[in-house]
1. Name the pairs: first residue in region 38-57 and in contact (Cβ under 8 Å) with a residue 12 or more places away in the chain and within 15 Å of Ser18 (Cα to Cα), second residue polar (S, T, N, Q) and outside any loop (DSSP other than H, G, I, E, B), Cβ to Cβ under 7 Å, at least 6 apart or on different chains?
2. Within region 45-65, how many residues are surrounded by 12 or more Cβ atoms within 10 Å (Cβ to Cβ) and either in a strand (DSSP E or B) or small (Gly, Ala, Ser) (or both)?
3. Of all residues in region 17-44 being small (Gly, Ala, Ser) and within 23 Å of Gln7 (Cβ to Cβ), which is surrounded by the fewest Cβ atoms within 10 Å (Cβ to Cβ)?
Amino acid sequence: MLQAQGQLRYRGRCADCSWIGRPFIRYSTADAAARDHSDAQRHTAFVVDQYDMRIVGSTVRPDRAGRA
């Protein structure tokens, strides 16, 4: 499936390692990928747009208390 040129794309990135998620059209999907990475690896992750600019408020930090 080809994406139209100029269509927004988002992807998750990690501040602690070299992980870069695949591009998504929907912000919510990229945010879910960043949250999954943060939970699995205990890293701080965030969402960037197609220009690699961090989306304000998208930073996900690992849960300090852990899971019950």
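None of the figures in this text is laboratory data; all of them are computed from the coordinates on show. It should be emphasised that the depicted structure is a prediction, and the values quoted were computed from it without experimental measurement. All Cβ positions, glycine included, derive from the backbone under ideal geometry; neighbour counts span all protein chains shown.
1. Filtered contacts from region 38-57: Thr44/Ser38; Ala45/Ser38.
2. 7
3. Ser28
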